[in-house]
1. Anything in region 4-31 that is farther than 19 Å from residue 84 by Cβ and not in a strand (DSSP E or B)? List them, or say none.
2. Within region 90-110, is even one residue under 19 Å from residue 21 (Cα atoms) and modelled with pLDDT of 80 or more?
3. Mind checking which pairs have a first residue in region 46-59 that is in contact (Cβ under 8 Å) with a residue 24 or more places away in the chain and a second that is surrounded by 18 or more Cβ atoms within 10 Å (Cβ to Cβ) and of a type in the set (D, E, K, R), Cβ under 7 Å, 6 or more apart or different chains?
4. Kindly indicate whether residue 56 is over 11 Å from the mean Cα position of the chain (by Cα) and modelled with pLDDT under 90.
5. Those residues that are surrounded by 20 or more Cβ atoms within 10 Å (Cβ to Cβ), in a loop (DSSP other than H, G, I, E, B) and of a type in the set (A, V, I, L, M, F, W, C), I need them from region 54-84; list them, please.
6. Regarding region 23-32, can at least one residue be identified that is of a type outside the set (Ser, Thr, Tyr), closer than 19 Å to residue 90 by Cβ, in contact (Cβ under 8 Å) with a residue 24 or more places away in the chain and in contact with a Phe, Trp or Tyr (Cβ under 7 Å, 6 or more places away or on another chain)?
7. Hey, does region 41-53 have a residue that's part of a strand (DSSP E or B), surrounded by 15 or more Cβ atoms within 10 Å (Cβ to Cβ) and aliphatic (A, V, I, L, M)?
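The values are calculated or read from the model by the stated rules, or taken from the named source; none is laboratory data. Values in this document were obtained by computation on a predicted structure and should not be read as measured data. Here the Cβ positions follow ideal geometry from the backbone for every residue, glycine too, while neighbour counts run over all protein chains shown.
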Amino acid sequence: MVQSALPRSETVRVQPDLDLRLLRWAGRPPGFVLVHGLASNAQLWQGVAEALSDGGAGHAVTAIDLRGHGESDASSSGYDTATAAADVVAASAGSASSDRSWPDSPGAEMSWLRSPPNIGGWRPALP
C-alpha cells in the first residue's frame, strides 16, 4: 500500500483583506483543482486528493476553501458563481494543479460552466 503525504496548507490573498485557504498535495501535471459545494470545505476532498496525488496516481492536487467556508475569510459580498470561479482561478494561479477542476456539486459545476470558456486555461473534469 502506498503511503500518502499530508497536504500542505497555504493561505493565498485573492483580494485586499480576503485570504483563501488551499490544501496542496504534491504531484506532477496534469493537476486537479477540487472545488467543494455549499456548506462544505476542502477537507471533503481528502480521499480523492490522496488517490490523485503522490499517494496514488501521482498528479498535483489543490483543494480550496471557498470564501466563507472552512478556513478561508468571509466577506460581505462575492458569493455569486462568477466570483467563486474567479476566486478559484486567482487562488490557484501558477500552481501545478491548474489543469483540471473537479467541482463537487451542481453549484460548483455551474461556477465553471458560467465562466469564460478559457478561464485560466482550465477544463472541468466532471464526475
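1. Result: 4, 5, 6, 7, 26, 27.
2. yes
3. Partner pairs satisfying both residue conditions: 56/50.
4. Numbers: over 11 Å from the mean Cα position of the chain (by Cα): yes; modelled with pLDDT under 90: yes.
Spelling it out, residue 56 is indeed over 11 Å from the mean Cα position of the chain (by Cα) and modelled with pLDDT under 90.
5. Within region 54-84, 66 is the sole residue that qualifies.
6. Filtering region 23-32 down to residues of a type outside the set (Ser, Thr, Tyr) leaves 23-32.
When the remaining residues are screened for being closer than 19 Å to residue 90 by Cβ, the result is 23-24, 31-32.
Those still in the list that are in contact (Cβ under 8 Å) with a residue 24 or more places away in the chain too: 23-24, 31-32.
Filter again for in contact with a Phe, Trp or Tyr (Cβ under 7 Å, 6 or more places away or on another chain), leaving 32.
Checking region 23-32: at least one residue is of a type outside the set (Ser, Thr, Tyr), closer than 19 Å to residue 90 by Cβ, in contact (Cβ under 8 Å) with a residue 24 or more places away in the chain and in contact with a Phe, Trp or Tyr (Cβ under 7 Å, 6 or more places away or on another chain).
7. First, pick out the residues of region 41-53 that are part of a strand (DSSP E or B): none.
Looking for residues that are part of a strand (DSSP E or B), surrounded by 15 or more Cβ atoms within 10 Å (Cβ to Cβ) and aliphatic (A, V, I, L, M), one finds none in region 41-53, hence no.
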